[in-house]
1. Within the range 57-66, is there a residue that is modelled with pLDDT under 90 and surrounded by 13 or more Cβ atoms within 10 Å (Cβ to Cβ)?
2. Among what's in the range 28-54 and is surrounded by 17 or more Cβ atoms within 10 Å (Cβ to Cβ) and in contact with a Leu (Cβ under 7 Å, 6 or more places away or on another chain), pick the residue that is farthest from ASN83 (Cα to Cα).
Amino acid sequence: MSNSLMQRNDSKYQNVVLTDSRQQDYDKDFLWDKLNLSQKYSVCSLGQFGYVLSYVRTLGTSTLAILKLDNKIATINEAGIINVNPKIACRLS
């Protein structure tokens, strides 16, 4: 698993550092509906360890699921790849 988020841009990859821009808490069903099948499978996998889907962010044309467990953060990209060491700044409360 990568230590940084990668975003595809014109056949090149670049590091992306995200900051938390949440304005409101969304209903879990609303967030779930924004995920594709691969992301949903990975969310369920992490859910077995206690992670909870907290946000879904759009990066260009792709989506990124952000999950929390206590003071830990995990991300899931559109391919369903889990990153438990993402380089993002996020409120932990």
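The values are calculated or read from the model by the stated rules, or taken from the named source; none is laboratory data. Worth saying up front: this structure is predicted, and the values here are computed from it rather than measured. Heads up, the Cβs are rebuilt from the backbone with ideal geometry, glycines too, and the neighbour counts pull from every protein chain shown.
1. First, the residues of the range 57-66 that are modelled with pLDDT under 90: 58-61.
Now narrow it down to the ones that are surrounded by 13 or more Cβ atoms within 10 Å (Cβ to Cβ): 59.
Among the residues of the range 57-66, at least one is modelled with pLDDT under 90 and surrounded by 13 or more Cβ atoms within 10 Å (Cβ to Cβ), which makes the answer yes.
2. My answer is LEU31.
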